[in-house]
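Okay, structure first, notes after.
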Amino acid sequence: MNQTTTQRSQKQDQNKGHRQRLKQRFLANGLAGFLDYEVIELLLILNTPRRDCKPSAKELLTRFKTLQGVFEASIEELSRVKGVGPSNSLGIKLVKEVSDRYLEHRIRSKTVLKNSRDLWNFLEQFIGHRPTEVFVGIFLDAKNRVLASEILFQGSLSSSAVYPREVIAKALEHRAAALIFAHNHPSGVATPSPEDLAITRRLFFALAHAGITVHEHLITGGEGFYSFADQGLIAEYKREFEIQHG
């Protein structure tokens, strides 16, 4: 065995040992203590025999900035990173989609108005890190259990881009008795804009005329979230509607 072969064999042994240690750490404590690139590396090694995946994991994090950015990237974007390829890209996207579905099923099995943490976790996973604004409707039955969640509108919100008729049609399609709205602020600041306030009031009144309750509008941002219900705005709209139509 020549020197080059010996060095290659030693490197393979070291890499094998490193992979095994990553797996054992995860089995012992989950992802506690893992750096973001190590999470990505763990995903890559599941579908990549022998090769050192650390450089590819670090390159993914460098290119897409955050772990969330890696999960939000398209298969085509992921595949352009050396050492990733279509198979690993598929694995990364699969983990993201399975996570989304798991969280959605968790909130569907509960009364979300009494499980705000699960609702927040779902929304943060679902829309919190998207690069553009999306407006989501979460449709509830009469007992406030989730029937469905759906992206209703995309792009910067404006009164001309949000159509109450379409929201009412979706609510009737899902046989919903109530709704929770949510949208993200890619800027990271969750404070509502004047347009956000106007749209929420407009939707509340339109749905109230149809006998459908709006419980909440939650804005997600990198710095946290803003709750229209917690700030008393939903109650204010309700009082205003009752005065006008009482």
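The values are calculated or read from the model by the stated rules, or taken from the named source; none is laboratory data. What you are looking at is a predicted structure, and each value in this text was computed from that prediction instead of being measured. A quick note on method: Cβ atoms are made from the backbone with ideal geometry, for glycine too, and the neighbour counts reach across all protein chains shown.
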- Query: Residues of the stretch 81-99 being surrounded by 14 or more Cβ atoms within 10 Å (Cβ to Cβ) and outside any helix (DSSP H, G or I), which ones?
  - Reply: Val81, Gly83, Val84
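Which residues, taken from the stretch 125-143, are crowded, with 16+ Cβ neighbours inside 10 Å and either part of a helix (DSSP H, G or I) or at pLDDT below 85 (or both)? Quick ask: steps written out before the conclusion?
Quick first cut of the stretch 125-143, residues crowded, with 16+ Cβ neighbours inside 10 Å only: 125-130, 133-140.
Scanning the stretch 125-143 gives Gln125, Phe126, Ile127, Gly128, His129, Arg130.
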- Message: Give me the residue from the stretch 192-210 that is surrounded by 17 or more Cβ atoms within 10 Å (Cβ to Cβ) and under 24 Å from the mean Cα position of the chain (by Cα) and, out of that set, nearest to Ala235 (Cα to Cα).
- Response: Thr200
- Is it the case that the stretch 62-71 has a residue that's modelled with pLDDT of 90 or more, surrounded by fewer than 15 Cβ atoms within 10 Å (Cβ to Cβ), of a type in the set (D, E, K, R) and closer than 25 Å to Gly221 by Cα? yes
- Note on the structure: If we ask which residues in the stretch 169-191 are crowded, with 18+ Cβ neighbours inside 10 Å, small (Gly, Ala, Ser) and either not in a loop (DSSP other than H, G, I, E, B) or not assigned by TED's automatic domain parsing to the domain that holds Glu124 (or both), their number turns out to be 3
- Every residue from the stretch 228-246 that is in a loop (DSSP other than H, G, I, E, B) and either on the phi > 0 side of the Ramachandran plot or in contact (Cβ under 8 Å) with a residue 24 or more places away in the chain (or both): Phe228, Gly232
- For Glu166, all conditions in the list (1) surrounded by 14 or more Cβ atoms within 10 Å (Cβ to Cβ); (2) farther than 30 Å from Phe64 by Cα; (3) among the charged types (D, E, K, R) hold save one; what is the number of the exception? (1)
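Quick one: count up the residues across the stretch 211-227 that are under 20 Å from the mean Cα position of the chain (by Cα) and at negative phi. Break it down into steps so the answer makes sense when it comes.
Filtering the stretch 211-227 down to residues under 20 Å from the mean Cα position of the chain (by Cα) leaves 216-227.
This time we only want the ones that are at negative phi, so: 216-223, 225-227.
Going through the stretch 211-227 one residue at a time, the tally reaches 11.
Would you mention how many residues in the stretch 180-209 are small (Gly, Ala, Ser) and either at positive phi or at pLDDT 95 or above (or both)?
First, pick out the residues of the stretch 180-209 that are small (Gly, Ala, Ser): 182, 187-188, 190, 193, 198, 206, 208.
Within this subset, residues satisfying the condition of being either at positive phi or at pLDDT 95 or above (or both) are 188, 206, 208.
The total comes to 3.
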